[in-house]
Amino acid sequence: MADKDYYKTLGVQKNATKEEIKKAFKKLALKYHPDRAPDDKKKEYEEEFKKINEAVSVLGDDKKRQQYDQYGSSSFQGGPGFEGFDFSDIMSQFRSGAFGNFDDVFDQLFGGSGRRSSSRGSDLLYETEITLEEAAQGTTQTLSLNKLERCPECSGRGATQFESCHHCHGSGYMKRTQRTPFGLFQQTGPCPYCRGRGELPQDSCAACAGEGAQRKKKKLEVTIPAGIEAGMRLRVPGEGEIGEQNGPAGDLYVQVQVKLHPYFERRENDLHITIPLSFTQAALGDEIEVPTINGKAKLTIPAGTASETVFRMRGKGLPSVHGHASGDEMVKVRIEVPSKLSRKQKDLLLQLHEDKPSQSFLKKIFG
Ligand SMILES: [Zn+2]
Ligand SMILES: [Zn+2]
């Protein structure tokens, strides 16, 4: 079977936009409308009309157009039109004048506004920042969202008045003819006019302009669990945007960043801090108070502690968001040498001055 050039049929470029395709189709469909055919050209016009319908059923549908661009028209077994639309039905409606508004046909062909099938709404991403203290204890945050919500006036249906679909007699299903290499087959599928709903809107909801959804500000409180790690995303099901045509809402993702702390450094669930210590505290030992993420804790410094020694305080780190054991707090002591001394301090230190480790070090090397 020779491949058909649908672009040529519609007289558009390969990179034509949907709008251009729609325009070209409209022009041709009006030109070759069977009602306009001169008596001696009825058959010709009908053939042409079928061709442009077939072309637009593919090029007007993003998915089918992609398939066509890649594999050609022969990739549509049994003809491209059977899935969405029975064109012989459209033809008969054109003839009978059932389509009052030509644009309605396009909307159906192009999946345009008004009768779209429902789909799940978009997910939303919200970024928020908390302090390390909040990460340690867990917190709640009130998010200010601006998102598509179901229209309360029409309960998301886009209209307030409905009537039973006359195309499918309210069943939502329709038999259509499928062309295959083996002949014509009848197939039952969802009614394309009411998208399987069995009823058609008779008006357009004023509150949402028929969209079934309205953009609204909403405050939402989310709980951020203790121990949350920077960059983690929390999923709040159903708090994304409402879907088209009353489709289910997407999810909300809250991405949590944790601010840097002036004193604590977090490594996984452990906290690291450096504490200044005097020479005498280090030499004689001491019991000191050190900051923790939730307050203070006592730490015993043994006599003879060297500078840069790290003490581990078990369980004083962050809790695990995964329910494992809490982290530890690692306290590094740094011995500070005073830059100014009082006379009394100087006198006391001079008494210690006889003991010079640098001299005994030299002696060790040179004997
Ligand atoms: Zn509404
Ligand atoms: Zn129907």
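The values are calculated or read from the model by the stated rules, or taken from the named source; none is laboratory data. These figures come from a predicted structure and were not determined experimentally. As a convention, Cβ positions derive from the backbone with ideal geometry for all residues, glycine included, and neighbour counts pool all protein chains shown. Note: accessible area is taken over every heavy atom of the protein model, side chains too, but ligands, DNA and RNA are not part of it. Shrake-Rupley method; radii C 1.70, N 1.55, O 1.52, S 1.80 Å.
So is ARG266 open to solvent by 20 Å² or more (accessible area, probe 1.4 Å), in contact with a helix residue (DSSP H, G or I) (Cβ under 7 Å, 6 or more places away or on another chain) and not in a loop (DSSP other than H, G, I, E, B) or not? Spell out the reasoning first.
Details: open to solvent by 20 Å² or more (accessible area, probe 1.4 Å): yes; in contact with a helix residue (DSSP H, G or I) (Cβ under 7 Å, 6 or more places away or on another chain): yes; not in a loop (DSSP other than H, G, I, E, B): yes.
So ARG266 passes the test.
Kindly establish whether ALA37 is within 15 Å of ALA16 (Cβ to Cβ), surrounded by 13 or more Cβ atoms within 10 Å (Cβ to Cβ) and among the aliphatic types (A, V, I, L, M). So that I can check it myself, show each step before the final result.
Numbers: within 15 Å of ALA16 (Cβ to Cβ): no; surrounded by 13 or more Cβ atoms within 10 Å (Cβ to Cβ): yes; among the aliphatic types (A, V, I, L, M): yes.
So ALA37 fails the test.
Among the residues in the range 350-362, are any in a strand (DSSP E or B) and of a type in the set (Phe, Trp, Tyr)? Before you say what the answer is, go through the steps one by one.
The initial filter retains those residues of the range 350-362 that are in a strand (DSSP E or B), namely none.
No: zero hits.
Taking into account only those residues within the range 235-263 that are of a type in the set (Val, Ile, Thr) and touching a helix residue (DSSP H, G or I) at 6+ places or on another chain (Cβ under 9 Å), which is least open to solvent (accessible area, probe 1.4 Å)?
Filtering the range 235-263 for residues that are of a type in the set (Val, Ile, Thr) and touching a helix residue (DSSP H, G or I) at 6+ places or on another chain (Cβ under 9 Å), the one least open to solvent (accessible area, probe 1.4 Å) comes out as VAL256.
Residue-by-condition table, conditions (1) at pLDDT 90 or above; (2) more than 33 Å from the chain's Cα centre (by Cα); (3) within 16 Å of ligand 1 (Cβ to nearest atom):
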position: SER88; (1), (2), (3): no, yes, no
position: MET91; (1), (2), (3): no, yes, no
position: GLY100; (1), (2), (3): no, yes, no
position: GLU127; (1), (2), (3): yes, no, no
position: GLY158; (1), (2), (3): no, no, yes
position: CYS168; (1), (2), (3): no, yes, no
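Using the structure shown, decide if ALA136 is within 30 Å of PHE264 (Cβ to Cβ), within 26 Å of the chain's Cα centre (by Cα) and more than 16 Å from ligand 1 (Cβ to nearest atom).
Values: within 30 Å of PHE264 (Cβ to Cβ): yes; within 26 Å of the chain's Cα centre (by Cα): no; more than 16 Å from ligand 1 (Cβ to nearest atom): yes.
No: the conditions fail for ALA136.
Yes or no, residue by residue, for (1) away from ligand 2 (no atom under 16 Å from the Cβ); (2) under 24 Å from the mean Cα position of the chain (by Cα):
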site: CYS194; (1), (2): no, no
site: ARG233; (1), (2): yes, yes
site: VAL254; (1), (2): yes, yes
site: PHE279; (1), (2): yes, no
site: GLY295; (1), (2): yes, no
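If we scan the range 311-322, do we find a residue that is closer than 23 Å to ALA282 by Cα and either in contact (Cβ under 8 Å) with a residue 60 or more places away in the chain or touching a Lys or Arg at 6+ places or on another chain (Cβ under 9 Å) (or both)?
Taking the range 311-322 as the starting set, the residues that turn out to be closer than 23 Å to ALA282 by Cα are 311-314, 316.
In the following step, the residues that additionally are either in contact (Cβ under 8 Å) with a residue 60 or more places away in the chain or touching a Lys or Arg at 6+ places or on another chain (Cβ under 9 Å) (or both) were identified as 311.
The answer is yes, given that some residue of the range 311-322 is closer than 23 Å to ALA282 by Cα and either in contact (Cβ under 8 Å) with a residue 60 or more places away in the chain or touching a Lys or Arg at 6+ places or on another chain (Cβ under 9 Å) (or both).
Condition first: open to solvent by 50 Å² or more (accessible area, probe 1.4 Å) and either of a type outside the set (Gly, Ala, Ser) or away from ligand 1 (no atom under 14 Å from the Cβ) (or both). Now tell me which residues in the range 202-215 satisfy that.
Residues satisfying the conditions are GLN202, ASP203, GLU211, ARG215.
What residue, of PRO262, PRO291, PRO319, is farther than 30 Å from CYS208 by Cβ and touching a Gly at 6+ places or on another chain (Cβ under 7 Å)?
Details: PRO262 fails: touching a Gly at 6+ places or on another chain (Cβ under 7 Å); PRO291 fails: touching a Gly at 6+ places or on another chain (Cβ under 7 Å).
Of the residues listed, the single one that is farther than 30 Å from CYS208 by Cβ and touching a Gly at 6+ places or on another chain (Cβ under 7 Å) is PRO319.
For the range 216-234, does any single residue satisfy the condition of being of a type in the set (A, V, I, L, M, F, W, C), open to solvent by 20 Å² or more (accessible area, probe 1.4 Å), part of a loop (DSSP other than H, G, I, E, B) and out of contact with any Leu (no Cβ under 8 Å at 6 or more places or on another chain)? Please lay out each step first, then the result.
Filtering the range 216-234 down to residues of a type in the set (A, V, I, L, M, F, W, C) leaves 220, 222, 224, 226, 228, 230, 232, 234.
From the residues that got through so far, the ones that are open to solvent by 20 Å² or more (accessible area, probe 1.4 Å) too are 220, 226, 230, 232, 234.
Now restrict to residues that are part of a loop (DSSP other than H, G, I, E, B): 226, 230.
Still in the list and also out of contact with any Leu (no Cβ under 8 Å at 6 or more places or on another chain): 230.
For the range 216-234, residues of a type in the set (A, V, I, L, M, F, W, C), open to solvent by 20 Å² or more (accessible area, probe 1.4 Å), part of a loop (DSSP other than H, G, I, E, B) and out of contact with any Leu (no Cβ under 8 Å at 6 or more places or on another chain): present.
Is there any pair linking a residue in the range 192-206 that is polar (S, T, N, Q) to one that is at pLDDT 85 or above and away from ligand 1 (no atom under 14 Å from the Cβ), with Cβ under 8 Å and at least six apart or on different chains, and which?
What qualifies is GLN202/GLU163.
Checking PHE162 against (1) aromatic (Phe, Trp, Tyr); (2) modelled with pLDDT of 90 or more; (3) loosely packed, with under 13 Cβ neighbours inside 10 Å, only one condition comes out false. Which one?
Every condition holds for PHE162 apart from (3).
Out of everything in the range 170-186 that is open to solvent by less than 70 Å² (accessible area, probe 1.4 Å) and at pLDDT below 80, what residue ends up being nearest to ligand 2 (Cβ to nearest atom)? Break it down stepwise before answering.
Residues of the range 170-186 open to solvent by less than 70 Å² (accessible area, probe 1.4 Å): 170-172, 174, 176-178, 180, 183.
Retained after the next criterion (residues that are at pLDDT below 80): 176-178, 180, 183.
Details: ARG176: 12, THR177: 17, GLN178: 19, THR180: 25, GLY183: 26 Å.
Here the answer is ARG176.
Answer yes if at least one residue in the range 295-311 is under 30 Å from LEU143 (Cα atoms) and surrounded by 16 or more Cβ atoms within 10 Å (Cβ to Cβ), and no otherwise.
Step one: list which residues in the range 295-311 are under 30 Å from LEU143 (Cα atoms), which gives 295.
Adding the requirement that they be surrounded by 16 or more Cβ atoms within 10 Å (Cβ to Cβ) leaves none.
Looking through the range 295-311, none of the residues is under 30 Å from LEU143 (Cα atoms) and surrounded by 16 or more Cβ atoms within 10 Å (Cβ to Cβ).
Would you mind stating whether THR292 is open to solvent by 50 Å² or more (accessible area, probe 1.4 Å), of a type in the set (S, T, N, Q), assigned by TED's automatic domain parsing to the domain that holds PRO338 and in contact with a strand residue (DSSP E or B) (Cβ under 8 Å, 6 or more places away or on another chain)?
Working: open to solvent by 50 Å² or more (accessible area, probe 1.4 Å): no; of a type in the set (S, T, N, Q): yes; assigned by TED's automatic domain parsing to the domain that holds PRO338: yes; in contact with a strand residue (DSSP E or B) (Cβ under 8 Å, 6 or more places away or on another chain): yes.
It is false that THR292 is open to solvent by 50 Å² or more (accessible area, probe 1.4 Å), of a type in the set (S, T, N, Q), assigned by TED's automatic domain parsing to the domain that holds PRO338 and in contact with a strand residue (DSSP E or B) (Cβ under 8 Å, 6 or more places away or on another chain).
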